[in-house]
Amino acid sequence: MLLQAAQKLEHQAPDIQFILLGDGEDTETLKTEYSSLGNVSWLGFKSNIADYLAGLDVFAFPSRNEGLGSVLLDVMQLGVPVIATNVGGIPDIVKHEQTGLLIPSGDADALASGIMRLRQDVALRQRLVQGATERLDHYSPQSMTASYWHLYQTIVSE
């Protein structure tokens, strides 16, 4: 989906560069299939991933399914605006229009539109980063401990 969005934006916004980090079983097939795209860089696996994430203008996370998507917490902590699919546990972290943008799974047009929207709307990017920063407190070790303790107390009381 990300590569389809890159394809859609290659001529519309040629200054947008898509950076793909990591490796997988489909990497070589995808590299071959999308080799004509001049706006995609395949960087592979990086042990210092935070250094790369911190330099992004936008982080796109177009998962088809996802348990929690904890990488989103890392990205949000780095102050990078997020666009992600509305699947699995992602909406628990990304609140649409508050901490990021949510799009339907499998919709490359929506992803491309969201990327363009974030590119063009500085105030939106700033608002999403601010909202995400505030939301991160819900995922701190202290907050998670308090939540588990409350749940435990509720179960024991019953």
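Might you work out the accessible area of THR145 for me, using a 1.4 Å probe with all protein chains in place, and round it to the nearest 10 Å²?
90
Can you give me the long-range amide H partners of ILE19? Hydrogens built in the peptide plane at 1.01 Å from N, cutoff under 5 Å, separation of 5 or more residues or another chain.
Result for ILE19 returns SER41.
Kirkwood Rh over Cα pairs of the stretch 51-118 into Stokes-Einstein at 4 °C, 1.567 mPa s: D in µm²/s?
110
When the Karplus curve 6.51 cos²θ - 1.76 cosθ + 1.60 is applied with θ = phi - 60°, which whole-Hz ³J(HN,Hα) does each residue of the stretch 25-37 get, with x for Gly and Pro?
Rounded to whole hertz, the list is 5, 9, 4, 5, 4, 5, 4, 5, 5, 10, 5, 7, 6.
Could you tally the net charge around HIS138, taking each other residue with its Cβ under 12 Å from the Cβ of HIS138, Lys/Arg +1 and Asp/Glu -1?
Charge balance in the 12 Å sphere: -1.
Leaving out ligands, DNA and RNA, and with a 1.4 Å probe, what % of the accessible surface on the chain is carbon or sulfur?
Roughly 50 percent of what the probe reaches on the chain is carbon or sulfur.
For ILE103, enumerate residues with amide H under 5 Å from its amide H, sequence gap 5+ or separate chain, H modeled in the peptide plane.
Here ALA84, THR85, ASN86 satisfy the definition.
If I model a spin label as a point 7 Å beyond the Cα along the Cα-Cβ vector, how far apart are those points for ASP26 and ASP137 in nm?
Label-label distance for ASP26 and ASP137, simple model: 3.9 nm.
What accessible area per residue comes out for the stretch 1-96, rounded to a whole number of Å², with a 1.4 Å probe?
Computed with neighbouring chains in place, this is 56 Å² per residue.
Cα convex hull of the stretch 1-61: how many Å³ per residue?
87
Going out from 0 in 5 Å bins, what whole percent of all Cα-Cα distances in the chain drops into each bin?
2, 9, 16, 19, 21, 14, 8, 5, 3, 2, 1, 0, 0
The values are calculated or read from the model by the stated rules, or taken from the named source; none is laboratory data. Note that the structure is predicted; figures quoted are calculated from it, not measured. Glycine gets a Cβ as well: all are built from the backbone with ideal geometry, and neighbour counts include every protein chain shown. All accessible areas refer to the heavy atoms of the entire protein, side chains included, with ligands and DNA or RNA removed. Shrake-Rupley method; radii C 1.70, N 1.55, O 1.52, S 1.80 Å.
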